[in-house]
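The values are calculated or read from the model by the stated rules, or taken from the named source; none is laboratory data. If you're wondering where the values come from, they're calculated on a predicted model, not measured in any experiment. Note: ideal-geometry Cβ built from the backbone for every residue, glycine included; neighbour counts use all protein chains shown.
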């Protein structure tokens, strides 16, 4: 352990400097762009050919009400909950509204992204820190950050989409009053119509044109006690399409005269293409064209299958990867990061004592992970003389527009992006590589629309992976409590890589995402230090459901279990003892999951493990039960207790919690991406599988609503899963597994 | 090459090796049948041939001997089949990409086994992957569809 001599001074300086940086970033946004610019209301991007756009979230035409939900629907239910925010205040008929994604636009910036980026533990944010976070919303606004991520969609939309509905309602009432001479105070709104005192109904479409000429009034939002839609399970707006095969995913876009293509890029990720011979592909039937993309090729065929067959047949000489060739060498490079000064010590409380006999020490490892969305990466594009149109499922449509424009030499204003349903996102579709490749293929065949669909192997082997990481923990228990805890985490930085791709620079300063899930947990530990070491490694890494929490929660919550064991304490009681003094909502989810799971009583041949993580503003506790089935392990049951604060749709929250758990358990038990010869070794679901119906546990969810601040729900179910499972395996077998996936050490029922 | 798809004879081009999946999607524009893996490892492309569930990515059009049913032939948004109603009742889908394959796999199970046990459901559905983890709801919807067919009513 290295220890600098000036710790007290540094500690003061750290807090001061950090606060200063955050505050000046907010102010600088105002100064640099002009305060007027930061306060300016972004223009309404909607210009309907028919009907009226009363604000960026609401179109009313002869057919009725259409709500714009400018977030990616990737399964998490945004097209239902966000539409309900507008419908609640508008008094629209929820069963009759239509929902569209709408165009990429500044108006749809995600104002909740910055608060999540504040370098403090979210459970302990002060009102002043939250205020700073809100002021920092000018940055996503000025940068047009229309992004679906960070479990922020509902938090961001909660006020503004209700306001969109409320101002439209009051404007429509004014239009009705002006037309009929009725007293506005006597007007009601109901099921998509203004109702006059005599009972006459004026449907919104009849009033919309007149309403558009009226300045929207100031409105007061309804008290939640008056809500009729929010707070209860609604039928999802996307459900009927999705069970009838009529939902259009990116891969389903069909255009007149469209060609089908695929790509085959250098599997040594980021490496060059030295040469290629298209002749073997062109000799196959149905292969129309091979296009040179510089670091790979595209093949155009009569069908996607012909294109994929052709792509395999092209003879290519690939250049080397810009990173070590094997997993062993890559892990060695990650381990070397421990030797350099840490990038962050975002937790630095008390004094870490020097090592002594009786200390508990452990080293953990997690592998790279692929997102493996069900729908492989794809995009469709049409290049015309002076414009480009792109269709795809994307979590970042403005960035996609700008990057596609850059790739084909157009102004962003000449590029249109149509956002479809996403066949899974999990962070993978926050990238723009698949859209840019399609734009470049389209650029080579102007006038012809082309759909570019990746093979599963191409998708699996060209991801932006959850980083591999190594963590070293040392701790000491005394009197049943954690006396000291020191953690060091080494991995390549998602923040730096992704910002480099997005903006061309890597942000300086402490990387919160790298250590989230470890430094920011509500445990009472007097002497506690968490250091983040960034490994300089060119393996592409990206946002994978719950990001840093996905690995750090495994490290932290496995080690908490080890400390509980060392203290001779019950693991759940041990957690409660440390969490209760710090954060009451977190303690309550632990208490709830103990009660739900019958903690402390195990049927013969079974055992339970627990883990807890506060992430994306939501505390989640999970218990996983495993059973010995003839020497193999079956994951039999799981219990989740969460507290995301005010819940807008409990059925969707429950579904997201189960989804997050299953995603995390799949990775923990089975998944890893490894490298050999500079290439990813895995290529399909047969070697990168997930839980299936017959191996999925029974899951029970309890949702508490005591958290005073709304948290996210799309990601927080994932972080505790791996540790809960590993801790259950320990309870069952006595084997403490510190390396994922667990199937490297134990056998699971297949 | 001619196939009967959802009760209608369709021309699917002249390449006998073309997998049924791509004939449906790229030639006929029936995009309800999904491409997930191309190697029969995920079940997203499941369709029925004479009532039996098959992975359409692994069947060449020349080898199709029988009537093909895709998700578009099961029911429509205006006229849902009972199994689709069960899926809606249980609000199964999240991203939804795997669900056409799940529904056709379940339809084949229920056609041959109207009252499946949990073990029957496990065995029938093991080949259909869902990355959103909707499995508990899929199981519940299959039970519901079975009950509806047994006359338990909606």
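Residue A:137: surrounded by fewer than 22 Cβ atoms within 10 Å (Cβ to Cβ), in contact (Cβ under 8 Å) with a residue 24 or more places away in the chain, in contact with a helix residue (DSSP H, G or I) (Cβ under 8 Å, 6 or more places away or on another chain) and under 30 Å from residue A:657 (Cβ atoms), yes or no? For residue A:137, the condition - surrounded by fewer than 22 Cβ atoms within 10 Å (Cβ to Cβ), in contact (Cβ under 8 Å) with a residue 24 or more places away in the chain, in contact with a helix residue (DSSP H, G or I) (Cβ under 8 Å, 6 or more places away or on another chain) and under 30 Å from residue A:657 (Cβ atoms) - is met. Taking the criterion of being more than 14 Å from the chain's Cα centre (by Cα), assigned to a loop (DSSP other than H, G, I, E, B) and at the interface with chain A (Cβ under 7 Å from one of its Cβ atoms), the only residue of segment B:95-125 that qualifies is B:95.
Yes/no matrix, rows are residues, columns are (1) assigned by TED's automatic domain parsing to the domain that holds residue A:218; (2) at pLDDT 85 or above; (3) assigned to a helix (DSSP H, G or I):
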site	(1), (2), (3)
A:123	no, yes, yes
A:128	no, no, yes
A:133	no, no, yes
A:139	no, no, yes
A:151	yes, yes, no
A:158	yes, yes, yes
A:169	yes, yes, yes
A:174	yes, yes, yes
A:178	yes, yes, yes
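Within segment B:73-94, none of the residues are touching a strand residue (DSSP E or B) at 6+ places or on another chain (Cβ under 7 Å) and either more than 12 Å from every other protein chain (Cβ to nearest Cβ) or in contact (Cβ under 8 Å) with a residue 60 or more places away in the chain (or both).
Within segment A:654-675, restricting attention to residues that are touching a strand residue (DSSP E or B) at 6+ places or on another chain (Cβ under 6 Å) and more than 23 Å from residue A:572 (Cβ to Cβ), the residue that is surrounded by the most Cβ atoms within 10 Å (Cβ to Cβ) is A:667. When A:73, A:50 are checked against the criterion of being within 22 Å of residue A:428 (Cα to Cα) and assigned to a loop (DSSP other than H, G, I, E, B), a single residue qualifies: A:73. When segment A:295-311 is limited to residues that are in contact (Cβ under 8 Å) with a residue 60 or more places away in the chain and either in a loop (DSSP other than H, G, I, E, B) or within 9 Å of chain B (Cβ to nearest Cβ) (or both), the one that is farthest from residue A:272 (Cα to Cα) turns out to be A:304.
Each row is one residue, and each column tells you yes or no for (1) surrounded by fewer than 23 Cβ atoms within 10 Å (Cβ to Cβ); (2) without any contact (Cβ under 8 Å) to a residue 12 or more places away in the chain; (3) within 18 Å of the chain's Cα centre (by Cα).
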site	(1), (2), (3)
A:515	no, no, yes
A:520	no, no, no
A:525	yes, no, no
A:528	yes, no, no
A:539	no, no, no
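Return yes when residue A:258 is crowded, with 20+ Cβ neighbours inside 10 Å and either over 30 Å from the mean Cα position of the chain (by Cα) or within 11 Å of chain B (Cβ to nearest Cβ) (or both) and no when it is not. For residue A:258, the condition - crowded, with 20+ Cβ neighbours inside 10 Å and either over 30 Å from the mean Cα position of the chain (by Cα) or within 11 Å of chain B (Cβ to nearest Cβ) (or both) - is not met. Give the residues of segment B:1-47 that are part of a strand (DSSP E or B) and surrounded by fewer than 20 Cβ atoms within 10 Å (Cβ to Cβ), sorted by residue number. Within segment B:1-47, B:2, B:4, B:8, B:9, B:10, B:11 meet the criteria. Scanning segment A:420-443 for residues that are more than 14 Å from chain B (Cβ to nearest Cβ) and not in a helix (DSSP H, G or I) yields a count of 2. Residues in segment B:48-58 that are touching a helix residue (DSSP H, G or I) at 6+ places or on another chain (Cβ under 9 Å) and part of a loop (DSSP other than H, G, I, E, B): B:51 only.
Would you say residue A:104 is farther than 24 Å from residue A:217 by Cβ, part of a loop (DSSP other than H, G, I, E, B), touching a helix residue (DSSP H, G or I) at 6+ places or on another chain (Cβ under 8 Å) and not assigned by TED's automatic domain parsing to the domain that holds residue A:161? No: the conditions fail for residue A:104.
Of all residues in segment A:415-439, those satisfying the criterion of being surrounded by fewer than 22 Cβ atoms within 10 Å (Cβ to Cβ) and in contact with a strand residue (DSSP E or B) (Cβ under 8 Å, 6 or more places away or on another chain) are A:416, A:418. Restricted to segment A:239-252, and to residues there that are assigned to a loop (DSSP other than H, G, I, E, B) and surrounded by 21 or more Cβ atoms within 10 Å (Cβ to Cβ), the residue that is nearest to the other protein chains (Cβ to nearest Cβ) is A:245. Here residue A:379 does not fit the description of being modelled with pLDDT of 95 or more, buried (at least 23 other Cβ atoms within 10 Å of the Cβ) and within 20 Å of residue A:503 (Cβ to Cβ).
Among the residues of segment A:342-378, those identified as closer than 22 Å to residue A:543 by Cβ and assigned to a strand (DSSP E or B) are A:344, A:346, A:364, A:365, A:366, A:368, A:369, A:378. Residues of segment A:328-341 include none that is touching a residue at least 24 places away in the same chain (Cβ under 8 Å), outside any strand (DSSP E or B), surrounded by 16 or more Cβ atoms within 10 Å (Cβ to Cβ) and in contact with a helix residue (DSSP H, G or I) (Cβ under 9 Å, 6 or more places away or on another chain). Out of the residues in segment A:465-506 that are touching a strand residue (DSSP E or B) at 6+ places or on another chain (Cβ under 6 Å) and farther than 20 Å from residue A:362 by Cβ, state the one that is surrounded by the fewest Cβ atoms within 10 Å (Cβ to Cβ). Taking the candidates together, the pick is A:497.
Tell me which residues, restricted to segment B:138-154, are in contact with a helix residue (DSSP H, G or I) (Cβ under 8 Å, 6 or more places away or on another chain), more than 7 Å from chain A (Cβ to nearest Cβ) and either at positive phi or surrounded by 19 or more Cβ atoms within 10 Å (Cβ to Cβ) (or both). Of everything in segment B:138-154, those that are in contact with a helix residue (DSSP H, G or I) (Cβ under 8 Å, 6 or more places away or on another chain), more than 7 Å from chain A (Cβ to nearest Cβ) and either at positive phi or surrounded by 19 or more Cβ atoms within 10 Å (Cβ to Cβ) (or both) turn out to be B:141, B:142, B:144, B:145, B:146. Considering B:88, B:92, the condition of being at pLDDT 95 or above and either surrounded by 24 or more Cβ atoms within 10 Å (Cβ to Cβ) or not assigned by TED's automatic domain parsing to the domain that holds residue B:148 (or both) is satisfied by B:92 alone. Taken together, the residues in segment A:366-418 that are closer than 30 Å to residue A:470 by Cα and within 14 Å of chain B (Cβ to nearest Cβ) amount to 9.
Selection over segment B:55-71 of residues that are surrounded by 20 or more Cβ atoms within 10 Å (Cβ to Cβ) and either closer than 30 Å to residue A:653 by Cβ or under 14 Å from the mean Cα position of the chain (by Cα) (or both) gives a count of 7.
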